[in-house]
Amino acid sequence: MKILVVGNGGREHALAWKLLQSQQIKQVICIPGNGGTASLPGCQNLPLPVDDFEGIERCALVHNVSLIVVGPELPLAQGITDYLQSKNLKIFGPTQAGAQIESSKHWAKTLMQSAGVPTPDFEVFTDLAAAVAYVKQQGAPIVVKADSLAAGKGVTVASTVDQAIVAVESLFKNGFSTVVVEECLSGQEVSVLALTDGLTVRPLLPAQDHKRIGEGDTGENTGGMGAYAPAPIVTSALKERIEQEILQPTVDALRKRGIDYRGVLYAGLMITPKGDLMVLEFNCRFGDPETQAILPLLETPLEELLLACTEQRLEQLPEIKWKSAAATCVVAAAGGYPGAYQKGQVITGIEQAEKLGVQVFQAGTQLKQQQLVTDGGRVLGVTATGESFDQALNSAYAALNCIEFDGMYYRRDIGHRLT
């Protein structure tokens, strides 16, 4: 088989890398891909934008691909699945209607309410003055969210009323027409990515992400600075509850709305100190960097799972097989991220790092005249596995010591919740 992967991040590098481990996969084509996929044996980059649906269609037909796998949320929200399905192409990822679960926080909240899925109390605002008045009335801490897509950076957990007001004003000023304000919960956040064919749900290993830029979970939100899997806080009993109380009811509620949801249903959960489960948000695609920590532990061929979802036969597959190990991913970012940062910095040391037994998934990189340079905010995801989390983390950080680029920054406390 040939498979086409849409996207250019670390998640897409990890997907291509995992797919190419299968004897059934002859080639992976990445659109547009990055410096990592460009140098991955069996992988080819094609320089098309992720929203060039006609170009992606032509590429799929010319190369006779068996499956198209969409990484990022933007093309899903724009209807790439609807378009390619109308051309009789097989694609893994929900339709535009299904992608609303991520592209509209308000829509997702009302879906959860109708499904009886627990989620924090919230209010929705299209007027700045009303939102500010509500924040003042509720007090802090409080959470402010952009209703629409914001590349993982549209959420502010405000510890003061002034901070919340600034967040609300900033969202309206930056063109967001709708803002969601919700109660702030305490506890531990967990990412549970599940595969679904619209009927059956198969959760992957639970992971924990590190959203804040600063050590000790301080500073601005980012797309994610590191992750580990499987998250020990999610016991087998909790896994069962997540499937029965959250994942399956959500897929059922989507179906009741006439939405045939096939792809990843990613639940961003809060586990409160009392052990209650609350859904903070849903995403419609593989997480980044959670995918980089989950896929190295997967033993079942990935393409078997993805094809079963697209062909609505997930229930017929045996249980997903996993390695008995721990995996960690530490993100190396460009200096200044998640604010302004420079591109074009030369990256060295990846070969030496990988000789230590880690996998370096490239995200914001580009090959320019055979030289690898930075091309984004999150540049690399250094992923290691081990018999224990300590072993995996030690390997990842040892590998990071080999890698250099001007302004490189990474958190040195990934996995701090494990202790």
- Could you grab the pairs with beta carbons closer than 9 Å, sequence gap of 6+ or different chains, first residue in the range 50-67 and in contact (Cβ under 8 Å) with a residue 40 or more places away in the chain, second one of a type in the set (Asp, Glu)? 66/303; 67/303
- For the range 195-285, which fully contained strands (runs of 3 or more DSSP E) count at least 1 residues that are under 27 Å from residue 68 (Cα atoms) and charged (D, E, K, R)? 201-203, 277-283
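Would you be able to tell me the number of residues in the range 50-73 that are hydrophobic (A, V, I, L, M, F, W, C) and either over 18 Å from residue 11 (Cα atoms) or at pLDDT below 95 (or both)? Let's see the steps before the verdict.
Of the range 50-73, the ones hydrophobic (A, V, I, L, M, F, W, C) are 50, 53, 56, 59-62, 65, 67-70.
With the extra rule that they be either over 18 Å from residue 11 (Cα atoms) or at pLDDT below 95 (or both), the set shrinks to 53, 56, 59-62, 65.
The qualifying residues number 7.
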- Selection from the range 32-49 of residues that are touching a residue at least 40 places away in the same chain (Cβ under 8 Å) and more than 18 Å from residue 306 (Cβ to Cβ): 34, 35, 36, 38, 39
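Give the range 124-158 a look and list any residue that's assigned to a helix (DSSP H, G or I), touching a helix residue (DSSP H, G or I) at 6+ places or on another chain (Cβ under 7 Å) and surrounded by 16 or more Cβ atoms within 10 Å (Cβ to Cβ), or say none. Full working, then the answer.
Filtering the range 124-158 down to residues assigned to a helix (DSSP H, G or I) leaves 128-138.
If we keep only those that are touching a helix residue (DSSP H, G or I) at 6+ places or on another chain (Cβ under 7 Å) too, we end up with 128, 131-132, 135-136.
Result: 131, 132, 135.
Please go through the range 286-300 and give me each residue that is assigned to a helix (DSSP H, G or I) and crowded, with 23+ Cβ neighbours inside 10 Å, ordered by number.
From the range 286-300, those assigned to a helix (DSSP H, G or I) are 290-297; that's our starting set.
Scanning the range 286-300 gives 290, 291, 292, 293, 294, 295, 296.
Got a sec? Which of 185, 205, 195, 238 is more than 18 Å from the chain's Cα centre (by Cα) and at pLDDT 95 or above?
Numbers: 185 fails: at pLDDT 95 or above; 205 fails: more than 18 Å from the chain's Cα centre (by Cα); 195 fails: more than 18 Å from the chain's Cα centre (by Cα).
That would be 238, the only listed residue that is more than 18 Å from the chain's Cα centre (by Cα) and at pLDDT 95 or above.
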- Query: How many residues are among the hydrophobic types (A, V, I, L, M, F, W, C) and assigned to a loop (DSSP other than H, G, I, E, B) when one looks only at the range 98-122?
  - Reply: 1
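The values are calculated or read from the model by the stated rules, or taken from the named source; none is laboratory data. Quantities reported herein were computed from a predicted structural model and do not represent experimental measurements. A quick note on method: Cβ atoms are made from the backbone with ideal geometry, for glycine too, and the neighbour counts reach across all protein chains shown.
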